[in-house]
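Written below as C-alpha cells is the structure these notes are about.
The values are calculated or read from the model by the stated rules, or taken from the named source; none is laboratory data. In this text the structure is predicted, and so the values were computed from the model without any measurement. Cβ coordinates were reconstructed from backbone atoms using ideal geometry, including for glycine residues, and neighbour counts include every protein chain displayed.
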There are 2 protein chains.
Amino acid sequence: METKPRKVLIADDEPDILEILKYNLAAEGYEVITAKDGDEALEKARRTQPDLIVLDIMMPKKTGVEVCQLLRSQAGFKETLIIFLTAVNDEGTQIKGLETGADDYVSKPISPKVFMSRVNALFRRLNKTEARILKIENMTIDPERFIVMVGDTEVILAKKEFELLYLLALKPGRVFLRNEILNQVWGNDVIVGDRTIDVHIRKIRQKLGVDCITTVKGVGYKFEL
Amino acid sequence: METKPRKVLIADDEPDILEILKYNLAAEGYEVITAKDGDEALEKARRTQPDLIVLDIMMPKKTGVEVCQLLRSQAGFKETLIIFLTAVNDEGTQIKGLETGADDYVSKPISPKVFMSRVNALFRRLNKTEARILKIENMTIDPERFIVMVGDTEVILAKKEFELLYLLALKPGRVFLRNEILNQVWGNDVIVGDRTIDVHIRKIRQKLGVDCITTVKGVGYKFEL
DNA sequence: AGTTTTTATTAAGTCTGGGTAAACAAATAC
DNA sequence: GTATTTGTTTACCCAGACTTAATAAAAACT
C-alpha cells in the first residue's frame, strides 16, 4: 500500500545537523521542512502540520522544550510525534524532555543510522493508533469525511460535536470524566465552563436521534448504543 | 496501454557520456535530447518540456546546480524530475544538490546499469502520483488537457483553481484541511493568507455552477457531488 | 420530604470562520 | 509596450458554531 510521504520538521540552529538529517530523511522518502530557531519551528509546525517534529533542545529564540510544551498545549499537536536532540547526555534533561511530552530522545553526536531507526520505529508505532473509521452497530463515524452515518442517513455534526462523539466512541462503554473530555477536545489550556459539555452532548443526542450517550452522574459520559 | 515516450534531456560537456547515456535511454524507449552546456540545457528544457533532466554539475556557461535552481524557480518545472551527475564523490556537494531540488544523484564514473535503474526508479515513483483523468458522475476533470467537463459543457479554470479542484476530487468525500490544501497546491514554503483559499473555492463553485465542494467549518473542504 | 448537588434544557449573547466584493499585484497574452 | 487574465490581499458582512447564564429537572444525600 502506497501512501503520501510523511512530513518531518527539523529544528536546529546548526546548519550541518539540519543538512545531515534532511539528507537522510529525504533519502528514505520523507518530506522535510527545516527551521533554525524555536520561533520558526513553531510557525512552520502550525503551517505545515508535520507528522514528526525533531527539536534541538538548545536553540535561539525558544528552546526545544518550550516549543514542545507550547505545541502540546494546543489542539492539533496532541498526537504529533516529537523527538528531542541534545548535546548533553544528561539523564535529568532526558527525563524532563520525555515528561514534556516528547516521544523519543536522541543525544548528540548523532549517528544518522541510529537516528533513522528511531524515526522509523516511531512511525511504526504510530501506524497502529492512527485516526480510523469507527463502526459501532449501525453507526459509522468517519473522521476523514467528517460525517456520521446512522443507518443510512448522514448526520452532519459541527467540529466540537464531532470531536466529542469521536472521543467517546473510540472506547465504547468506557466513562470519560469531564476533565478528560475537556483536555482531549478543548485542550489543556482552554478554560470553558462545565455546562458547555452538556450543551454539546445535547446537540449530539438531538442530531443523531439515537440515544447513544449515557450520563454517569457525578462522573462523566460514555458511549453506548 | 500504450503511452507516449518519456522525454529525457541530458546535459553534459563530455560527448562520450552523452553518447553512452543517450544509447542506453534510447534502448529502453526514451526520447532523448542532448545539450552540451548550461545555457543550451536551459533553452532546450524550456522548448521541449522533458519529463526528466539529467544535469552534469560541472558544465560550461552554467553549472548543473545553477540550471536546476533556475528551472525550479519557474512554473512548469516544479515537478520535472532532475538527476545530477558529478565527478566529485563529495557528500557536501551531494547534499547541496538535493537541496537545490534535484530528485537523485549519480556519481561518475557512471555505470549505465546503475544509471538506468535510477532513472526507471524515479519514473516509477512518479507514476504513482501521476496525473490521471477523474470522472465523478457527470463531471470529468482532465489534468492533461486542463479541462473540466460538466455534463457536456466545458468549463475553463485557471491554474490554481484547477489544481485545487483536482486535489479535492482525487479523494471525493475526504476532508482536506486548509493546511493540506496550502501544502499541496501552493507548497510548503509559500505563505499566503487563509482567505486566498476561500476566494479560489468561490471561483470554482461559480464557474462550475454545480455545488460540488462542501465546506466543513473549522476543518476544511471536501469534494462531494 | 427537604435540601443539596449535578445534569438537562433553553434562550440568549459572543465570537469565530467562511462568503463575498472590490482593489491591488503579478503573470501572461497580445 | 499595453491589455487581459489570473492570483492575492483586504475589508466587511453574516451564519452558525460556541459559550454563557439562567432556570428546570433529576438524582443523591440527610
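Listed values, structure above:
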| item | result |
| --- | --- |
| Selection count where residues are surrounded by fewer than 21 Cβ atoms within 10 Å (Cβ to Cβ) and more than 15 Å from B:Ile110 (Cβ to Cβ), scope region B:1-22 | 7 |
| Within region A:144-159, tally of residues that are surrounded by 16 or more Cβ atoms within 10 Å (Cβ to Cβ), in contact with a strand residue (DSSP E or B) (Cβ under 8 Å, 6 or more places away or on another chain) and assigned to a loop (DSSP other than H, G, I, E, B) | 3 |
| Selected residue (criterion: surrounded by the most Cβ atoms within 10 Å (Cβ to Cβ)) from residues of region B:124-142 that are at pLDDT 75 or above and not β-branched (Val, Ile, Thr) | B:Met139 |
| Region A:211-225 - residue that is within 8 Å of DNA strand C (Cβ to nearest atom) and hydroxyl-bearing (Ser, Thr, Tyr) and, of those, nearest to A:Phe162 (Cα to Cα) | A:Tyr221 |
| Hits in region A:157-178 - residues which are more than 14 Å from DNA strand C (Cβ to nearest atom) and either touching a helix residue (DSSP H, G or I) at 6+ places or on another chain (Cβ under 9 Å) or within 16 Å of A:Ile133 (Cα to Cα) (or both) | A:Leu157, A:Leu165, A:Tyr166, A:Leu167, A:Ala169, A:Leu170, A:Lys171, A:Pro172, A:Arg174 |
| In region B:209-220, the residues that are within 26 Å of the chain's Cα centre (by Cα) and either surrounded by fewer than 18 Cβ atoms within 10 Å (Cβ to Cβ) or under 21 Å from B:Val155 (Cα atoms) (or both) | B:Ile213 |
| Subset tally (residues that are of a type outside the set (A, V, I, L, M, F, W, C), in contact with a strand residue (DSSP E or B) (Cβ under 9 Å, 6 or more places away or on another chain) and part of a loop (DSSP other than H, G, I, E, B)) for region B:170-225 | 8 |
| Selection count where residues are surrounded by 19 or more Cβ atoms within 10 Å (Cβ to Cβ) and either at pLDDT 85 or above or part of a loop (DSSP other than H, G, I, E, B) (or both), scope region A:23-39 | 6 |
| Test: residue in region B:198-210 that is away from chain A (no Cβ under 14 Å), within 14 Å of DNA strand C (Cβ to nearest atom) and among the polar types (S, T, N, Q) | yes |
| Region A:40-75, residues that are under 24 Å from A:Pro109 (Cα atoms) and assigned to a helix (DSSP H, G or I) | A:Glu40, A:Ala41, A:Gly64, A:Val65, A:Glu66, A:Val67, A:Cys68 |
| The lone exception for B:Val155 - which of (1) modelled with pLDDT of 90 or more; (2) over 28 Å from A:Ala41 (Cα atoms); (3) within 14 Å of chain A (Cβ to nearest Cβ) it fails | (3) |
| Qualifying residue in region B:166-173 (condition: of a type in the set (Gly, Ala, Ser) and more than 13 Å from every other protein chain (Cβ to nearest Cβ)) | yes |
| Qualifying residues in region B:160-208 (those that are near DNA strand D (Cβ under 7 Å from one of its atoms) and either in contact (Cβ under 8 Å) with a residue 40 or more places away in the chain or closer than 26 Å to A:Val148 by Cβ (or both)) - the one surrounded by the fewest Cβ atoms within 10 Å (Cβ to Cβ) | B:Lys160 |
